[in-house]
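Asker: Mind looking over this structure? Questions follow.
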Amino acid sequence: MIPKEILKQIRHIEIRSGKMVNEIFAGQYSSVFKGRGMEFAEVREYMPGDDVRSIDWNVTARYGKPYVKKFTEERELTVILLVDASASQQFGTQNKFKSEIIAELSSVLAFSAIRNNDRVGMIIFTDKIEKVIKPKKGRNHILRLIREILYFKPSGKGTNISLALGYLNELWRRKAVVFLLSDFMDKDFEPALRITNKRHDLIAINLSDPREINLPKIGLLELEDAETGKRITVDTSNEMFLREYKAKKENWQNNLDRIFIKSGVDHIYVSTDKPYIIPLIQFFKKREKRIGR
């Protein structure tokens, strides 16, 4: 049975997300995520003024008179939430863990999708594929996705982004909008990003915490890698160590920036100490402006 505090948290996220979708993202989602284009609907007899390029020559030959193909706009999208549930997501020195922010972000994106009659599915991964939920529509389905992000207990601790993207590409052959929510504490995933972005509309959402870059000056501090369990003791009163540590983290972030840019992947940075709504709005506006050119 799901604990009452989880159910309360799900309800809070639903209310908060619904308000954001109605007040802030109304219309923006549909304007930046397009359907798959034109889909064949039927054939009908040729009428004066019809484009001769739409003539279906096989049907025309069969019936001895011209027929044209009729197409309709295919608006419905499939949205896939690719959620990193590795141990490092259970970290947060501010008001919330990364996993809680992932749940809220997923909720906003999912409610935006179903408002536009799109289907939403989810893949939860660590260093293995943990859970797959097929795309569906409806409020109850979205609430289930939120519940899984908050309540699901993965068996793995590490992160394998390449595995998750490869699995996604095998599972969904038709183009989908894919939100990859992770802190990207992994390596050698650039080729997988590039391949997936060619097949799908891939958006990376990078979660971080300020203490991952700036350590507090509290003297000796034992650090543990949540994914490997490795522990080290560091002296946070040592200015040289703090500078080197910060520089190393900044270099890692700069390299991640380059990976996203080289792969052509749209990306959003979200920190646990700041409202995620701001970078989300900036992303929608930037993308809307780019599409409108």
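The values are calculated or read from the model by the stated rules, or taken from the named source; none is laboratory data. This structure is a prediction, so every number in the text was calculated from the model and none was measured. Cβ coordinates were reconstructed from backbone atoms using ideal geometry, including for glycine residues, and neighbour counts include every protein chain displayed. Ligands, DNA and RNA are excluded from the accessible area calculation, which covers all protein heavy atoms including side chains. Shrake-Rupley method; radii C 1.70, N 1.55, O 1.52, S 1.80 Å.
Asker: Arrange the peptides 143-154, 278-289 so that the one whose residues have, on average, the most other Cβ atoms within 10 Å appears first.
Answerer: 143-154, 278-289
Asker: Could you do me a favour and compute the accessible area per residue for the chain, 1.4 Å probe, result in Å²?
Answerer: I get 56 Å² per residue for this part.
Asker: Between R174 and R115, what length comes free when the chain is fully extended (0.36 nm per residue of separation minus the Cα-Cα distance, one decimal in nm)? Mind showing how you got there, number by number?
Answerer: Working: separation 59, 0.36 × 59 = 21.24 nm, distance 2.14 nm.
Value of the extension gain: 19.1 nm.
Asker: Using the basic label-point model (7 angstrom from Cα toward the beta carbon), what is the R62 to V132 distance in nanometres?
Answerer: In this crude spin-label approximation the distance works out to 3.5 nm.
Asker: Another question, then. With respect to the cross-link table entries K157/K286; K187/K289; K246/K286; K131/K175; K96/K131, which display a Cα-Cα separation exceeding 26 Å? Please report the intermediate quantities before stating the final value.
Answerer: Working: K157/K286 35 Å; K187/K289 32 Å; K246/K286 29 Å; K131/K175 21 Å; K96/K131 23 Å.
Pairs exceeding the cut-off: K157/K286; K187/K289; K246/K286.
Asker: Considering only protein heavy atoms and a probe of 1.4 Å, how much of the accessible area of the chain is carbon and sulfur, as a whole percent? Before the final figure, lay out the partial values.
Answerer: Numbers: 8400 of 16310 Å².
Here it works out to 52 percent.
Asker: How large is the helix-only mean residue ellipticity at 222 nm for the chain, computed as the sum of -39500 (n - 2.57) over DSSP H runs with n ≥ 4, divided by its residue count, in deg cm²/dmol to the nearest 500?
Answerer: So the calculated ellipticity at 222 nm is -13500 deg cm²/dmol.
Asker: Starting from the Cα of W252, step 7 Å along the direction of its Cβ; do the same at L220; then give the gap between the two resulting points in nm.
Answerer: Calculated label separation equals 2.4 nm.
Asker: Highest mean first, what order results for 202-209, 96-103, 44-51 on Cβ atoms within 10 Å?
Answerer: Numbers: 202-209: 23.0, 96-103: 21.0, 44-51: 10.5.
By packing density, highest mean first, the sequence is 202-209, 96-103, 44-51.
Asker: Right, next: State the Cα centre-to-centre distance between the stretch 230-293 and the stretch 149-184 in whole Å.
Answerer: Centre-to-centre (Cα) distance: 20 Å.
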